[in-house]
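*Asks:* Here it is, the structure, as structure tokens.
Every read-out reported here was derived from the displayed coordinates using simple, explicitly stated rules and does not represent laboratory data. Model, not experiment: these values are computed from the prediction. Neighbour counts are summed over all protein chains in view; Cβ atoms, including those assigned to glycine, are modelled from backbone coordinates with ideal geometry.
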Amino acid sequence: MLRPLPIKLQKVNFSGFFFCLMMFCMIARGVSAQEKSKYQLELKGETFVPEANINSVLSNPESFFSSEFNGAYYVAIQFNELPSGIVRMQLESRKVKLLDYITGNTYLVKLESKADLQVLAENGARALFYLDKQHKIERQLLEKKYPSWALYSKSVIDLVVIPYEWFETSRILSSLESLDAEILESEKLFRSHKIRIPINRIDDLAGLAWVQWIEAIPPAPVDDNVPGKTLHRSNILNDGSRNLTGANVRMGIWDGGTVGPHKDFTGRLTNGEGYYLSSDHGTHVAGTMAGAGLLDPVARGMAPGALIYSYDYNGSVNVEVAAAIAAYNITMTQNSWGYGDGFVNCTQRDPYNSNSREQDINIYNNPTLIHCHSAGNSQSVCSGGWGTTTGKAAKNKLVVANVNSSDAISSSSSFGPVQDGRLKPEISGLGTSVYSTLPNDAYTGGYSGTSMATPGVSGTIAQLVERYRQLNSGIDPQASLMKAIACNTARDLGNAGPDYRFGYGRINGLHAVRAIEQNRFRVDSVATADSNLVSITVPSGTSRMKVMICWTDPPASANANPALVNDLDLTLYDPSSTAWLPWVLNPASPTSTATRNVDRLNNIEQVTLNNPVAGTYNISVKGFSVSTGLKQIYSLTWEIEPASIEITYPNGGEVLVPGSTEVIYWDNLGVTSNQTVQYSLNNGSSWITLSSSVTAATNRYSWTVPSTVSSQVLVRVTSGALSDVSDNVFNILGTPSNLAVTNGCSAGEVQVSWNAVSSASGYDVLLLDDTIGVWNTVGTNISGTSHTITGLMPYATYWVTVRALNAANSITGRRAIAKSVSTTIPSSNPIINVSGQTTICATGDTAHFSAGNVPANTYSLSGIPYDPYTITTDTPVTLSDDAVSASLPIGFTFNYYGTPYTNFFIGSNGIIGFSSTSMTAYQPQTLPNSAAPNNIIALVWTDLNPSTGGTIAYNTIGLPPNRKLVVSFEAVRRYNSTATVSGRIELYEGSDIIEIHVSSISSGINTMGIENQSGSSAVPVPGRNNSTWSVGAPEAFRFSPFNSTITWQPGAINAPAISVTVPGSYSYSYVSGTCTLYSDTVVVSGCSNASLNLTVLIDGYYRGGGKLVSLLSASQCDTLVVSLANVISPYEITHTVTGIIDTSGNGIFDFPGSTIGSAYYLVINHRNSLETWSAVPVTFLASPVTYDFSSNISSAFAGNMIDFGDGRYGIYSGDVNQDDIIDMNDHALLESFILTQAAGYHNGDVTGDDNVESSDYSLLENRIPMNLITQRP
């Protein structure tokens, strides 16, 4: 068990204290049972009473001391009595430095080689010994059970080594190298090293004189996956007269990724990592803790005014916490992570290890740091769930369990005790089905776990910190005080008193804040054997009295078990001087109810009394064993509770929505019979009973809000003589639904619409100022259900919401969930450009029209939320300086400026393109620019050199028809620089949308935007066009094709330009979405016309009885092109006009007056029919000429028409490709149209039913065997 210490130390003169040694020997000759308890040393490797050997050690030190290191010996010394702070200073002055306290009046000690050992005898030293390896090595390593997460290989393991005191690595390196070990990390603050060593050298490592403790490294952390606000009573702190929002309370959050981005954290979020790796879990946690509820008021967190400092847990959390305290002065930490099921040991339970010790060091060094941590979700791993917390054994942090809205424990929430029997968790919070924020301005519900419970508790405590500051000149409270107040005022759940499932119960912010406001606390200090008394008066009628003490205990040695260092005793004396001891749990029987006893394990203790007699009570705090420091600072608080009922929600000022389900909450104590729950719609003049049989133990009731609009609503709960009513009236009024926010039809314009709300007299429309997180009213008391917002900035994203008003009752309703919209700016309003004459009189006269400067293919630009992306299975592209890739597959057809592409190229200088020409250019251009490269998308066109650092990769992800191509530039270096750019380009299938997401771009001359094939048109991002700029915070932009159409009338011709040969009025309209952006009209005049009254029936459009299908309108069938051909070979076409035939096949076609007196063949063309010529020439006259193809088959040249069988004839349908023959080529083209699900006005629709499908196919199959071709003279 104990090794002798057999080498010499400097000779010590022992004369003058042999009498002391003799007396000591006489005293130590026999060890009674009481002495065994007093001197019992409890270490993780062994529990024993050290041999009282100080006499022999001091009489012959040469034979005892060995293993000197760095001029000193590191040993353990046990004292008869715990030395006082003054004695400890005297010892150190004589080269005997007490280091860590390890229970049983025993310290780890540094004895310098010149130490005066006489001081040990003078101050009651009892035993002196070295720690053996079983005291230095954690149990699982001693048992050769090596955790998988710590194994570097089968024979090498990573360990945490704690030295007796800090040594620079240069001092210990040689001893480690002799064991084939290497140092991976060193942390001076926590006096620890992470090393890698062969497994078979662990025992040798423990034998090194400077090594105090060895354990396996911890596993990688994992996530511990408005009802909470009301259940915690946070709402009444926030919404009442106190208006506590946690304002300026600095809260660090450590989670699986960084927080956000989200508007709910506007102006309050700092990314401590320096990079963005957003996580859903971390953002959800942050929203519960401190979300502002800007976009959805129901999602408001506990402390919407707190400042958030976001970190991930991928590094050393404890090191980052210390750094965040120094850098940002954080006063709270929020931690919803643990080590997962694999860490749980059902026999040994959660140990006090190096991580626990480091957490306690941070809190001990910063006694106002409130550290909140989730208990874990590993209840199912061990029988009964006992001992399943996952790395939560630190003494000074507050560990949180998960309850649901009915205060029932979750089936996953981890239970205590921890390894040394201490109480964990200490408190509970709502963590089941929690609704909160997600990255990129989203929300979600349904998240559950102690991860979700903890931020509800930490956010509520932030409100308490704010209140304490208000009442104490801005001073931060001791962390132990906030922990004591939160736990002492919690609603007791589970077994009476504390238990290993709920701790002290579910947090109650209202009771806690009153303890602060009523000054029901003391912060004081005490030394060993000293006592402090606080007297309080308990009035008659008190139902319960609760007293609690908590102190920030010094960090324990990782060797010790239990971990308690300074032990204080709490005792309550009633008016008759009866002593009441704290509640103590039995870790060997975790299901058992707590009993009253002295607590030797915990640094938090509670005494409660039910129905205490009236009188003066004395609270005693005694220093049983203050082994570290001169005195131990502690926090004391008490609560005196009368029998009562107190409503906490709804309690006044709220706006409830008709038909919604709300939970009425109240606190109660001393209720012995059923409770009656009622509501009033007229300020208490009359009451409507919801239930009169709510049990005494219940303090919630689920209520369907009535549909009556009222501003005079109250709720009341009564039981016998106990009763309470809401402090003030609240309101009932609906919230607008189906909020829609879209771009208007003018620049900087947004259209807002919503559904009407019953009894609303008007509506307010609000616009979010997302720089400061404030809603501004932009439309007041609007009578309808729509509104137009004007004067907005281009290329910006805006958030809009609406709320209902009821003037008769002076109610302002709850905001609807906000919607976002990105504004755009159309081009300047163009006119029709005319080329040639606008008067047509003779054959060959033609007017040419184009739609001004409106391109047929253009894009709108808008800002969008940044979406993080991680390169995983992407294909890397290796490029040298100023290089271009080979042609790469997009993975689908992508239309860019109206041209389809299936391949693309990557240029090393931050661009992609659809041609490789000049893609190596390193000097960015101002877009648009006709100089190559063109046809490009510029993420950040600048001079880069990926061969010196960074990653370029691409990946097509998703499934048809919703795939996207992602091209990433990650940390790519600038030319001749270490500065980098990071971002990506995304191309979307189907919509042809382009997105640019950038996480960081170093300063330089850069270009960002898109440009067409010729360099004549471009959409650059404003301020990013061949200018000096940089990006510090992530941002994103979307380039959306207008999907616009230019339509000419008559004829509904979709084209950017047309040519006309017939006089008339011609107009175009430029339509995007539902907006006609531009339109213009021009009139073409002509001479007297020669008119042709024509009758033509169309095969596929014929419906019998001489009638055609109505395609264009109820009376119109379709457009025909009628041409006039010379009667002499080669029968050249001289004139062509377009017109419409009605459903009887009749149409009037006007030709220039120059045709009068001449004869022509008539040539009939239809978009999917066989060209048909008249059998004979027709002579045009000054009066209209009539020609009927439908009445006689011989009216067509060579009788080339179909006989309908009812005495009528028509031109053949089926020449889909218009090549003068109906054959398999038409069949193939039609088949391709069917596969693409073509519909509407389409050339493939040969049957005229606005669909391209099987009926068209069937008609074509009947016509192909007929070998039909155009018949001409």
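*Asks:* Can you pull out the chymotrypsin sites (Phe, Trp or Tyr not before Pro) in the range 119-156 that DSSP calls coil and that have at most 14 other Cβ atoms within 10 Å? Don't skip to the end; give the middle numbers.
*Replies:* Working: sites: 129, 130, 149, 152; in loops: 130, 152.
Those that pass, being in a loop and sparsely packed, are 152.
*Asks:* From the square roots a ≥ b ≥ c of the eigenvalues of the alpha-carbon gyration tensor of the range 919-965, which class results: rounded (a/c under 1.5), prolate (a/b over b/c), or oblate?
*Replies:* The shape class here is oblate.
*Asks:* In percent, how large is the relative contact order of the range 740-822, given Cα pairs closer than 8 Å and 6 or more residues apart?
*Replies:* 33
*Asks:* Any idea which of 376, 500, 444 is furthest toward the positive side of the dipole for the range 222-520, if Lys and Arg beta-carbons carry +1 and Asp and Glu beta-carbons -1?
*Replies:* 500
*Asks:* Indicate the gyration tensor shape class of the range 222-520 (rounded, prolate or oblate), computed on the Cα atoms with a ≥ b ≥ c the square roots of the eigenvalues: a/c under 1.5 is rounded; otherwise a/b larger than b/c is prolate and the rest oblate.
*Replies:* Rounded.
*Asks:* Mark the label point 7 Å from the Cα of residue 614 along Cα→Cβ and return the residues of the range 544-562 whose backbone N is within less than 18 Å of it.
*Replies:* Those under the cut-off are 544-545.
*Asks:* Hey, rough spin-label estimate for residue 1057 and residue 682, points 7 angstrom out along Cα→Cβ, what's it come to in nanometres?
*Replies:* Spacing of the two 7 Å Cα→Cβ label points: 7.9 nm.
*Asks:* Assuming a ≥ b ≥ c are the square roots of the Cα gyration tensor eigenvalues, decide whether the range 863-1032 counts as rounded (a/c under 1.5), prolate (otherwise, with a/b larger than b/c) or oblate.
*Replies:* Working: a/c = 1.38, a/b = 1.15, b/c = 1.20.
Rounded, because the longest to shortest axis ratio a/c is under 1.5.
*Asks:* Quick one: order 1010, 461 by neighbouring beta-carbon count within 10 Å, fewest to most.
*Replies:* 1010, 461
*Asks:* Looking at 96, 706, 542, which one has the Cα that reaches farthest to the positive end of the dipole of the chain (charges on Cβ: Lys, Arg +1; Asp, Glu -1)?
*Replies:* Projecting each Cα onto the dipole axis, the largest value belongs to 96.
*Asks:* Continuing with the same structure: How far, in nm, would the chain grow between residue 1126 and residue 543 when pulled straight, counting 0.36 nm per residue and subtracting the alpha carbon separation?
*Replies:* In short, 198.5 nm is gained.
*Asks:* Now for a different question. Quick check for me: using +1 on Lys/Arg Cβ and -1 on Asp/Glu Cβ, what's the dipole size of the range 863-1032 about its Cα centre, in debye to the nearest 20?
*Replies:* Dipole of the range 863-1032, to the nearest 20 debye: 100 debye.
*Asks:* Cut-off is 10 Å between beta-carbons; in what order do 622, 114 appear when sorted fewest neighbours first?
*Replies:* Ranking 622, 114 by Cβ neighbours within 10 Å, fewest first, gives 114, 622.
*Asks:* Then there is this: At most 11 other Cβ atoms within 10 Å and a DSSP loop assignment: could you name the GluC sites (Glu not before Pro) in the range 96-205 that fit?
*Replies:* Hits after loop and neighbour filter: 143, 168.
*Asks:* If one computes the Cα centroid of the range 559-585 and of the range 272-324, what distance in Å separates the two points?
*Replies:* Their Cα centres are 37 Å away from one another.
*Asks:* Another one. In the chain, with Lys and Arg counted as +1 and Asp and Glu as -1 at Cβ, which of these residues, 689, 120, 363, has the Cα nearest the positive end of the dipole, that is, farthest along it?
*Replies:* Of the listed residues, the answer is 120.
*Asks:* Arranged by the count of other C-beta atoms within 10 angstrom, fewest first, what order do 1098, 1133 take?
*Replies:* 1133, 1098
*Asks:* A further question on this structure: Lysines within cross-link reach of residue 114: Cα-Cα under 27 Å, excluding same-chain residues under 8 positions apart?
*Replies:* List returned: 8, 11, 95, 97, 133, 136, 188.
*Asks:* Taking loop as defined by DSSP and a crowding limit of 13 other beta carbons within 10 Å, which chymotrypsin sites (Phe, Trp or Tyr not before Pro) in the range 960-1002 fit?
*Replies:* Answer by residue number: there is no such site.
*Asks:* OK, next. Can you give the helix-only mean residue ellipticity at 222 nm for the chain, where every DSSP H stretch with n ≥ 4 adds -39500 (n - 2.57) and the sum goes over all residues, rounded to the nearest 500 deg cm²/dmol?
*Replies:* Estimated from H runs of four or more residues: -3500 deg cm²/dmol.
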